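Let me begin by presenting the structure, written as structure tokens, before commenting on it.
The values are calculated or read from the model by the stated rules, or taken from the named source; none is laboratory data. Everything numeric in this text was worked out from a predicted model, so none of it was measured. Methodologically, a virtual Cβ is constructed for each residue, glycine included, from the backbone with ideal geometry; neighbour enumeration extends over all protein chains shown. Ligands, DNA and RNA are stripped out before the accessible areas are found, and what is left, the full protein with its side chains, is counted by its heavy atoms. Shrake-Rupley method; radii C 1.70, N 1.55, O 1.52, S 1.80 Å.
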Amino acid sequence: MTAGAQARRAIAAGNAAGAVTVHDVLDGHVALDLECLDRIYLNGYVPNLQVGGQVVTFLTGHLGHPVPSPALLGQIGDRFRAAVARFARDEHIPVVRFAKDARKADVMKPYLAAAQASGRPQVVAIGVAQEFQRVFTGYDRATTPGAVCFGFDKADRRVTCFYFYLWDSDFGPAFIKICSYFPYPIKVWVNGHEWAKQQAAQAGIAFTALSNGFASCGDTPGLQAICDRLDSGAIAVFFERWMAQLPLPFGPRERDGGYW
């Protein structure tokens, strides 16, 4: 009898005799007990570009423009989008446009599998999606006819987002999503189980993998010790490593000026 059939029989018997808990069903069938972070989803943003006045300071004080025109934001975005296209072309990276209801993980699965087979860290594909994001829009706030005065407010707009799907030497499959409109919010996705798999393989610990976890391991204490090492520092190293390789809307000048 399979474990699934045993579970169904246990639940059926429990329905007749009383409530059956998940622990009752799994008792005697668990081969590996492991504590590990699973999927980790993080937000990235520029702290000093979150209100309209900060945008004005960025355009005038940092970039040196006499008038903080909304057109300047469009120019930065255009340069970024062109940089992404150039990066994909020069590095021979596939660009995949996600359909509205597409499950992104399924679309990218073959690209990630090919990267895993190669064993080489890389940007495996760039996904392009239209999504609602909280971005800055400019408006004319002049009170005198002929005067030039702009303000900036955040609003939800449907804009282009780039998903950089990665195969990382430490984390395995991951992605970094960058919105192509100001102030360019970022999402970072990594998986603790996949990180632990990479670390265990590098340490020579034998294990049987599940699609998102472990079925068994020859050194459970050693694997648990690996899982316990995953912290914000490891994720920060991952993030900085790829920020140094991906095309970004902000460059060294912005970073040196505190816009990072």
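Quick notes on this structure:
- Annotation note: Cβ proximity below 8 Å between a residue of segment 220-235 that is without any contact (Cβ under 8 Å) to a residue 24 or more places away in the chain and a residue that is aliphatic (A, V, I, L, M) and assigned to a helix (DSSP H, G or I) (sequence gap 6+ or interchain) occurs for 222/200; 222/203.
- Selection of first residues in segment 48-59 that are farther than 10 Å from residue 151 by Cα and of second residues that are open to solvent by 60 Å² or more (accessible area, probe 1.4 Å), restricted to Cβ pairs under 6 Å at least 6 apart or on distinct chains, gives the following pairs, ordered by first then second residue: 59/65.
- Residue 43 modelled with pLDDT of 95 or more and more than 26 Å from residue 121 (Cβ to Cβ): no
- Counted residues, segment 123-152 - those being open to solvent by 80 Å² or more (accessible area, probe 1.4 Å) and either among the basic types (Lys, Arg) or within 15 Å of residue 73 (Cα to Cα) (or both): 4
- The residues on offer are 106, 156, 140, and the sole one that is of a type in the set (Asp, Glu) and more than 30 Å from residue 52 (Cβ to Cβ) is 106.
- Which numbered condition residue 120 fails, given (1) under 18 Å from the mean Cα position of the chain (by Cα); (2) under 22 Å from residue 194 (Cβ atoms); (3) open to solvent by 70 Å² or more (accessible area, probe 1.4 Å): (1)
- Restricted to segment 184-232, the set of strands (runs of 3 or more DSSP E) holding at least 2 residues that are modelled with pLDDT under 95 and surrounded by 12 or more Cβ atoms within 10 Å (Cβ to Cβ) comprises 207-210, 213-217.
- Verdict on residue 177 being charged (D, E, K, R) and open to solvent by less than 50 Å² (accessible area, probe 1.4 Å): yes
- The requirement of being aromatic (Phe, Trp, Tyr), at pLDDT 95 or above and buried (at least 20 other Cβ atoms within 10 Å of the Cβ) is fulfilled nowhere in segment 96-107; no residue meets it.
- Entry remark, segment 98-143: residues being acidic (Asp, Glu) and either assigned to a helix (DSSP H, G or I) or more than 30 Å from residue 59 (Cβ to Cβ) (or both) number 2 in total.
- Among the residues of segment 55-66, those identified as part of a loop (DSSP other than H, G, I, E, B) and either among the acidic types (Asp, Glu) or open to solvent by 60 Å² or more (accessible area, probe 1.4 Å) (or both) are 65, 66.
- If the condition is being out of contact with any strand residue (DSSP E or B) (no Cβ under 6 Å at 6 or more places or on another chain) and surrounded by 15 or more Cβ atoms within 10 Å (Cβ to Cβ), then segment 161-174 contributes 170, 172, 173.
- For residue 229, the stated conditions hold: it is out of contact with any strand residue (DSSP E or B) (no Cβ under 9 Å at 6 or more places or on another chain) and among the charged types (D, E, K, R).
- Residue that is nearest to residue 182 (Cα to Cα), among those in segment 72-95 that are in contact (Cβ under 8 Å) with a residue 24 or more places away in the chain, open to solvent by less than 70 Å² (accessible area, probe 1.4 Å) and aliphatic (A, V, I, L, M): 73
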